[in-house]
Amino acid sequence: IVYFTANDAATGVELWRTDGTAAGTWLGKDIYPGPNSGSPAGLTEFAGQLCFAAQDGVTGVELWTSDGTAEGTALLIDAVPGPGSLFRGVSIDRYVEYNDADLVGAGTFAVLAGVTSTAGEELWVTDGTALGTGLLRDIYPGEYPSTPRQFTRLGDRIVFSAEDEEHGLELWVTDGSPAGTRRITDIAPAEESSYARAMGEAGGGMVLAAQPECCTG
């Protein structure tokens with residue numbers, strides 16, 4: 001089964017599924033009922049389920065889960081209560097704008113960039129349950145965002161870029177636990193940023209683009 005989003009006049013942009021045949025292709029759920037769009041984004045499968053960001057017109061853009069049926073598609077957690085959204089539509093990232101939700105799974109967990117008023121945009125984790133969903137680490141303490149991005153699966157871990165106060169925007173890795181979330185290396189020394197991006201798995205390792213030193217003038 002493959003999950004995807006599609007737009008029609010009756011339901012807007014919603015969650016669909018297909019088995020590769022016309023008969024096996026149908027609307028998974030009209031998350032935001034009527035012609036409004038639930039706009040599912042960041043679709044990722046892990047631990048036998050699908051997780052994604054979507055809005056239903058009541059709770060804002062939050063984390064949803066699905067087993068592929070309408071009955072089994074539901075809001076996982078209203079992390080930012082009421083109309084507030086855990087996911088930012090367009091990032092405030094000073095370096096690049098992203099128009100899609102950052103949500104990537106690895107085995108038994110998935111990580112995402114979640115936004116709250118107290119922590120800013122930081123690293124969140126979910127195991128597919130409400131109790132197992134929450135802030136994984138406030139990489140840049142306080143309201144200032146670490147803006148985690150470029151999530152890339154590497155085996156049972158996820159590599160990503162994030163900013164902290166001492167090292168700037170650098171490369172991080174997580175195994176889904178607070179203790180297993182750490183900065184890999186400081187490519188650009190001290191507070192300078194390497195702006196690590198364009199990462200991809202290759203031959204059991206990772207390739208990336210980075211700027212080792214800040215250039216001025």
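The values are calculated or read from the model by the stated rules, or taken from the named source; none is laboratory data. Everything quoted here is computed from the prediction, not taken from an experiment. Virtual Cβ from ideal backbone geometry, glycine too; neighbours counted across all protein chains shown. Only protein heavy atoms, including side chains, enter the accessible area calculation; ligands, DNA and RNA are left aside. Shrake-Rupley method; radii C 1.70, N 1.55, O 1.52, S 1.80 Å.
Once the Cβ-Cβ distance between residue 118 and residue 184 is put in as r, and R0 is 25 Å, what FRET efficiency do you end up with, to the nearest 0.05? Efficiency computed from Cβ-Cβ geometry: 0.40. The ellipsoid that matches the Cα gyration tensor of region 101-178 has semi-axes, each √(5λ) in whole angstrom, of 19, 15, 9, with the longest given first. Label-to-label distance, residue 19 versus residue 165, with points set 7 angstrom from Cα along the beta-carbon direction: 5.6 nm. For residue 6 and residue 75, a Förster radius of 25 Å and the Cβ-Cβ distance give a FRET efficiency of 0.75, rounded to the nearest 0.05.
Solvent exposure of residue 30, expressed as accessible area, is near 40 Å², computed with a probe of 1.4 Å over the protein chains only.
Local charge sum around residue 68 (other residues, Cβ-Cβ under 13 Å, Lys/Arg +1, Asp/Glu -1)? Around residue 68, the charge tally is -2. The residues of region 12-146 expose, per residue, 43 Å² of accessible area to a 1.4 Å probe.
A simple spin-label model places pseudo-atoms 7 Å from Cα toward Cβ; at residue 67 and residue 135 they are separated by 3.3 nm.
When region 107-157 is described by a simple charge dipole with +1 on each Lys and Arg Cβ and -1 on each Asp and Glu Cβ, the residue from 131, 116, 155 located farthest towards its positive end is 155.
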